[in-house]
1. How would 169, 92, 99, 174 line up from fewest to most surrounding beta-carbon atoms within 10 angstrom?
2. Return 55, 84 ranked ascending by Cβ neighbour count within 10 Å, so the fewest neighbours appear first.
3. Provide the per-residue ³J(HN,Hα) series for segment 63-70, in order, calculated from phi with Karplus coefficients 6.51, -1.76, 1.60 and θ = phi - 60°, each as a whole number of Hz, with x at glycine and proline positions.
4. With label points built 7 Å along Cα→Cβ from the Cα atoms of residue 21 and residue 149, find their separation and express it in nm.
5. On a C-alpha basis, how far is the centre of segment 115-178 from the centre of segment 35-111 in Å? Whole number, if you could?
6. Using the basic label-point model (7 angstrom from Cα toward the beta carbon), what is the residue 33 to residue 80 distance in nanometres?
7. Using the Kirkwood radius built from alpha carbon pairs, what does the Stokes-Einstein equation give as D for segment 10-60 at 10 °C and 1.306 mPa s, in µm² per second?
8. Based on Cα coordinates alone, diagonalise the gyration tensor for the chain, multiply each eigenvalue by 5, take square roots, and list the semi-axes in whole Å, largest first.
Amino acid sequence: MSADLATKPASSPARRAAVALGVTVAATAGAIFALGDAAYLWVKAVHVMAIIAWMAGMLYLPRLFIYHAEAKPGSETSETFKVMERRLLEIIINPSMVIAWVLGLWLGWKAGFFSAGWFHLKLVLALALSGVHGYLSASVRRFREDRNTVSTRTWRILNEVPALLMAGIVILVIVKPF
Ligand code: HEM
C-alpha cells in the first residue's frame, strides 16, 4: 500500500460536506415545493437513511481502531487501515452527519418540536454524538500520523459510546416520554 494513497484525501472533506449540504437543501426545497405537507414524511425517511449511514460508520470506525492499534506502525496492515478509516470518514460519516442534522432540524421546526422536552434532550444527545464524531475524526488523523496512544482496551470501551447514545436518541424520538 503506498503511503501516498493513505495520506492523499479522496477529495477535500470540506468540499464533500458542502456538496452534501447543497444537495440536501436543494432536494428538501424541491420536495416541499412538489409535495407540500406530504414532504414531511419523505424528509423523515431520508433523515432515517442518513442516520443509518452515520451510525454504521460511527459503530465501525472505533472497531477499525481496535485492530489498527494492534498493527505495527509502518506495516502494510497499518497503511491499509489508514486508507479504510479515511475513506469511511470522508465518504460515509461526514456527509451523512451533515444530512442528518439539516433534515432533523427542518423536521423539528416544521412539526413544532422545539418547545418539547424530549426534543431538547434529543438535541443534547445528538450534540454529544457529534462530539464523539469530532473525536473519532481527530483520531483518524492521529492514526494517519502514527501518533495513536489510546490502547486497544480503551478503544473497546469507547466503541460502545455511539451505540448507547443511539439507544437514548431512538427511545426519545419514538416514545417521546416528556
Ligand atoms: C442530528 C440531529 C437530529 C435532529 C435535529 C433530529 C430531529 C428529528 C426529528 C424532528 C424527527 C421527526 C420526529 C417525528 O416526526 O415524530 C426525527 C426522526 C427520527 N430521528 Fe432524528 N434527529 C437528529 C438525529 C438523530 C439521530 C442521531 C438518530 C439516531 C441515532 C435519530 C433517529 C431518528 C429516528 C429513528 C426518527 C424517526 C422517528 C419516528 O418517525 O417515529 N435522529 N429526528
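1. Values: 169 20, 92 17, 99 25, 174 9.
In order of increasing Cβ crowding within 10 Å: 174, 92, 169, 99.
2. Numbers: 55 20, 84 16.
Ascending Cβ contact count within 10 Å gives the list 84, 55.
3. Taking θ as phi minus 60°, the curve returns 5, 4, 4, 4, 6, 5, 5, 8 Hz for segment 63-70.
4. So the two model labels end up 3.3 nm from each other.
5. Computed from Cα coordinates, the inter-centre distance equals 12 Å.
6. 4.8
7. Details: Rh = 12.3 Å.
The estimated diffusion coefficient comes to 129 µm²/s.
8. Values: eigenvalues 226, 80, 21 Å².
Largest first, the chain gives 34, 20, 10 Å.
Every number here is computed from the coordinates shown, using simple stated rules; none is lab data. Just so it is clear, the model here is predicted, and its values are computed rather than measured. Cβ coordinates were reconstructed from backbone atoms using ideal geometry, including for glycine residues, and neighbour counts include every protein chain displayed.
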